[in-house]
Amino acid sequence: GKQEKLIGTRNGLYYVDERNRSVKRFGIPILRSNIILTCYALGDKIYIGTYGGGMYVFDKEAKEIADFSKENAAFAHNSVFYFSSDKEGRLWIGASTGVYCYENGSQVCHFDSKNSPLPEGNVYTVYFDSMHRGWICTENGIALWDPDAKTIKRDVFPEDFPYQTKAGFVYEDSRHILYFVPYKGNV
């Protein structure tokens, strides 16, 4: 909201209500980690990703936080780096245990280096471009979610494309040019 903010820090999550001039902090022991890596609003939910403490959902009405999933143990102790949504409104999660897709609270798919061509390691970004392709940036390279084939691919890049680079983010400008931001070096 305009007068409500969530601020993720290395010391926990802060809910700031400017209207009522109040601040509420969420950290250990409510969270399993004080380091907040990402927040993402989708529909009526706000998703929170932490470093080593899993994933949570912030309830805007009650101003409370709860575990994202009690059924999936992967979201209790992993690191969650990034959230995004595709054209169908599904939630995509970049985590230390791979990339996940959820629809209406149910897991649609989970990809990691064992069951797909996804490079091994942390998933830092899942970015959907104007053609609805999902660019997945990991610790050990870049992969592409093909929405038509519903698969992850790595054999589709041009020869000089740095797909083995540790990339942290992807951005598309108004002319549909994609920019890849590596962890070190130039764009």
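Net charge of the neighbourhood of TYR183, taken over other residues with C-beta under 13 Å away and scored Lys/Arg +1, Asp/Glu -1, is +1.
The number of Lys pairs in the chain with C-alpha atoms less than 22 Å apart, excluding pairs fewer than 8 positions apart on the same chain, is 23. Multiplying the residue separation of PHE161 and VAL23 by 0.36 nm and subtracting their alpha-carbon distance yields 45.1 nm.
Under a Gaussian network description of the chain, with springs only between Cα atoms under 10 Å, the residue in SER84, SER96, SER130 that fluctuates furthest is SER130.
Under 15 Å from the Cβ of LYS87, count the other residues' Cβ atoms, weight Lys and Arg +1, Asp and Glu -1, and hand me the total.
-4
Taking only protein heavy atoms and a 1.4 Å probe, the accessible area of region 15-94 is 49% carbon and sulfur.
Note on region 68-154: Cα convex hull, mean projected area over all directions, 5.3 nm². Estimated from helices alone, the mean residue ellipticity of the chain at 222 nm is -500 deg cm²/dmol (sum of -39500 (n - 2.57) over DSSP H runs with n ≥ 4, per residue).
Other residues lying with their Cβ under 15 Å from the Cβ of PHE161 contribute a combined charge of 0, Lys and Arg counting +1, Asp and Glu -1. Our note on the geometry: Cα centres of region 137-176 and region 91-130, 13 Å apart. Size check on region 1-50: the Cα extents along the three principal axes, sorted descending, read 29, 25, 15 Å. Taking every alpha carbon pair in region 1-104, what does the distance histogram look like in 10 angstrom bins from 0, in percent? For region 1-104, the pair-distance distribution reads 15, 50, 29, 6. For the chain, the per residue solvent-accessible surface stands at 56 Å², with DNA, RNA and ligands left out and a 1.4 Å probe.
Using the Stokes-Einstein relation with a Kirkwood hydrodynamic radius computed over Cα pairs, the translational diffusion coefficient of the chain at 4 °C and a viscosity of 1.567 mPa s comes to 75 µm²/s.
The values are calculated or read from the model by the stated rules, or taken from the named source; none is laboratory data. Bear in mind the structure is a predicted one, so any value in this text is a computation, not a measurement. Cβ sites come from the backbone with ideal geometry, for glycine too, and all protein chains shown count toward neighbours. Calculation scope for accessible area: heavy atoms of the full protein, side chains included, ligands and nucleic acids excluded. Shrake-Rupley method; radii C 1.70, N 1.55, O 1.52, S 1.80 Å.
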